[in-house]
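To start, the structure itself, in structure tokens.
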Number of protein chains: 2
Amino acid sequence: MKFLLLIAHGSRRQGANDEIRQLGERVASLDANDYDGVVTAFLELAEPDIQQGIAKCVELGAQSIVAMPYFLASGNHVIKDIPGEIACAMAGKPPVDIEISQYLGSSDLMASLVLDCSRQIG
Amino acid sequence: MKFLLLIAHGSRRQGANDEIRQLGERVASLDANDYDGVVTAFLELAEPDIQQGIAKCVELGAQSIVAMPYFLASGNHVIKDIPGEIACAMAGKPPVDIEISQYLGSSDLMASLVLDCSRQIG
């Protein structure tokens, strides 16, 4: 079973964290979704954190996980912090493989999304 | 002439700001782009700031501007800071109309983008 772990920054504002959780649910409900489950996690300021998110995937039966950084820029969070958290989790030898995908901002489709989004006024 | 003003947060890391500038160029080069120009601006930490970005659009001939917040969550930056900067610019009665579009994270297409992006490993 393959799971998607959607990793966002996390916010002090619960509404912003709930937006991420709802996004995870929307990804899971897409017809094109071929993951067996989608779990959201937060680098900081909200729960589950990355370790808890990985544990949740394992509890739900994941044998492999794709960890996707939901970040716009390749700053320290994407380059160091998220890989560091995942390396930390792997050091505990969990019964699961974890790969890190591209971060959101690097997507080839971002320019089209920006153009589409800019047309939605108000 | 209608311009897109793509507003990002801005980073101390020049590479992250350059990513935004390159994204603006990619949006401008899309076949589906119907703006007469695309200008990038930053809320803080980088230039042009929002006031400078609006001035640049006007210099380039813009009669109307769509300001798009390139932000993932509807935090204070999206709810207060960007509208405040634009209200401040409009108080100077520039010869241009400005509308604020949806912010990136609210796009209906985001779930599909997440799914696609998660498939790009390494």
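Could you list all residues from the range B:31-63 that are within 12 Å of chain A (Cβ to nearest Cβ) and of a type in the set (S, T, N, Q)?
B:N33, B:T40
Restricting attention to the range A:48-63, and to residues there that are under 9 Å from A:L5 (Cβ atoms) and touching a residue at least 40 places away in the same chain (Cβ under 8 Å), which single residue is surrounded by the fewest Cβ atoms within 10 Å (Cβ to Cβ)? Working first, answer last.
Residues of the range A:48-63 under 9 Å from A:L5 (Cβ atoms): A:50, A:53-54, A:56-57, A:62.
Of the ones still in play, those that are also touching a residue at least 40 places away in the same chain (Cβ under 8 Å) are A:50, A:53-54, A:57, A:62.
Values: A:I50: 21, A:G53: 23, A:I54: 27, A:C57: 27, A:A62: 25.
The extreme case among them is A:I50.
Among the residues of the range B:86-111, write down those that are among the polar types (S, T, N, Q) and out of contact with any Lys or Arg (no Cβ under 9 Å at 6 or more places or on another chain). Write out each step before concluding.
First pass over the range B:86-111, keeping only residues among the polar types (S, T, N, Q): B:101-102, B:106-107.
Matches in the range B:86-111: B:S106, B:S107.
Might you check whether a residue that is over 24 Å from A:A16 (Cα atoms) and without any contact (Cβ under 8 Å) to a residue 12 or more places away in the chain occurs anywhere in the range A:96-103?
No, the range A:96-103 contains no residue that is over 24 Å from A:A16 (Cα atoms) and without any contact (Cβ under 8 Å) to a residue 12 or more places away in the chain.
So which residues in the range B:10-22 are touching a residue at least 24 places away in the same chain (Cβ under 8 Å) and at the interface with another protein chain (Cβ under 8 Å from one of its Cβ atoms), if there are any at all?
Those that are touching a residue at least 24 places away in the same chain (Cβ under 8 Å) and at the interface with another protein chain (Cβ under 8 Å from one of its Cβ atoms): B:S11, B:I20.
Taking the stated definitions as given, is A:M110 out of contact with any strand residue (DSSP E or B) (no Cβ under 8 Å at 6 or more places or on another chain) and among the aliphatic types (A, V, I, L, M)?
For A:M110, the condition - out of contact with any strand residue (DSSP E or B) (no Cβ under 8 Å at 6 or more places or on another chain) and among the aliphatic types (A, V, I, L, M) - is met.
Of all residues in the range A:34-44 being under 15 Å from the mean Cα position of the chain (by Cα) and surrounded by fewer than 18 Cβ atoms within 10 Å (Cβ to Cβ), which is modelled with the lowest pLDDT?
A:E44
Rundown of residues vs (1) out of contact with any His (no Cβ under 9 Å at 6 or more places or on another chain); (2) within 26 Å of A:L104 (Cα to Cα); (3) within 11 Å of chain A (Cβ to nearest Cβ), yes/no style:
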residue: B:M68; (1), (2), (3): yes, yes, yes
residue: B:F71; (1), (2), (3): no, yes, yes
residue: B:K80; (1), (2), (3): yes, yes, no
residue: B:A91; (1), (2), (3): yes, no, no
residue: B:P94; (1), (2), (3): yes, no, no
residue: B:S101; (1), (2), (3): yes, yes, yes
residue: B:D108; (1), (2), (3): yes, yes, yes
residue: B:S112; (1), (2), (3): yes, yes, yes
residue: B:R119; (1), (2), (3): yes, yes, yes
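The values are calculated or read from the model by the stated rules, or taken from the named source; none is laboratory data. Since this is a predicted model, take the numbers as computed values, not measurements. All Cβ positions, even for glycine, are placed from backbone atoms using ideal geometry, and neighbour counts span all protein chains on display.
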